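No value in this document is a laboratory result; all are computed from the given coordinates. Bear in mind the structure is a predicted one, so any value in this text is a computation, not a measurement. Cβ coordinates were reconstructed from backbone atoms using ideal geometry, including for glycine residues, and neighbour counts include every protein chain displayed.
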Amino acid sequence: MPKTTIVILLHQLVFQGMFFLKNIILHRKTGKQIRGKNREAIYSIVFFVLFIGVAVVISILKQPFGEVQLIDGFLAMALALVLLFLNLIVSGASLMNLKDSWRVGILEDQKTELIITGIYRFTRNPYFVSYLLMFAAYTILLQNLILFGLSIVGFLFVHKMVMREEEYLYSAHANAYVQYKMKVPRYIII
């Protein structure tokens with residue numbers, strides 16, 4: 001099995017493991033539904049699965065289509081590992097800091113606390129930032145134009161979800177959210 005495939009599969013084991021563990025623990029703790037049924041969330045989940053699947057297939061087949069060797073393989077692996085490490089740190093901090101306010105998608109009938117501490121002092125959407133880091137890492141790791149194109153589409157999916165979530169947070173927290181929004185960037189610097 002190629003090293004790139006091992007990296008992707010191990011990363012997904014940890015990344016998705018944290019996600020599912022958080023969902024299970026929170027559902028048991030609150031007894032409430034954790035996953036919303038809004039279109040943005042459903043389409044994004046399908047897209048994320050597609051992106052990961054395409055990355056695995058490209059890796060296993062050793063990049064048959066769309067390969068562009070822009071940097072040395074060792075450097076690509078090193079840079080991808082740094083981004084994947086950051087992805088795990090950011091997603092882990094997001095899951096921990098969001099506490100009982102974590103939801104997958106929007107559940108308008110559930111009022112949750114507005115979290116503005118921890119990693120949420122630096123970005124309003126750290127879990128989504130972690131997905132952007134993953135897109136970049138897999139694209140760099142495999143140096144593939146197909147993944148580059150999918151990464152752009154992935155950003156658009158993420159952005160659509162973020163915009164929908166911002167509408168919800170404004171309706172739920174009004175002025176407190178506006179104040180928070182003025183202090184903390186949507187992603188990292190924008």
Q | Val153 versus Gln179: modelled label distance in nm, points set 7 Å from Cα along the beta carbon direction | A | 4.2 nm
Q: Return the whole-Å distance between the Cα centroid of region 1-55 and the Cα centroid of region 125-157.
A: 15 Å
**Q.** Neighbour-count ranking [beta-carbon atoms within 10 angstrom, fewest first] of Arg124, Arg28
**A.** Arg28, Arg124
**Q.** Top positive-direction residue, dipole computed over region 34-107 with Cβ charges, set Val49, Gly105, Leu88
**A.** Gly105
Q) Under a 5 Å amide H to amide H cut-off, with H placed in plane at 1.01 Å, what residues pair with Asn144 once short-range neighbours are removed? A) Val68
Q) How much length, in nm to one decimal, is gained on full extension between Thr117 and Tyr187, taken as 0.36 nm per residue of separation minus their Cα-Cα distance? A) 23.7 nm
Q. What order do you get for Leu133, Leu9 when you list them from fewest to most C-beta neighbours inside 10 Å?
A. Leu9, Leu133
Q: Between His159, His173, His11, find the one with the highest GNM mean-square fluctuation for the chain; connect C-alpha pairs within less than 10 Å.
A: His173
Q | Under-5 Å amide H pairs with Arg35, H placed in peptide plane, nonlocal only | A | Val104
**Q.** Residue-by-residue Karplus 3J(HN,Hα) for region 43-53, coefficients 6.51, -1.76, 1.60, Hz, glycine and proline x
**A.** 4, 5, 4, 4, 5, 4, 4, 4, 4, 5, x
Q) Taking springs between alpha-carbon atoms closer than 10 angstrom, which of Thr112, Thr30, Thr123 fluctuates most in the Gaussian network model of the chain? A) Thr30
(Q) Through the Karplus equation 6.51 cos²θ - 1.76 cosθ + 1.60, θ set to phi - 60°, convert the phi angles of region 86-102 into ³J(HN,Hα) values in whole Hz; use x for Gly and Pro. (A) 4, 4, 5, 5, 5, 5, x, 5, 4, 4, 6, 5, 6, 6, 7, 8, 5
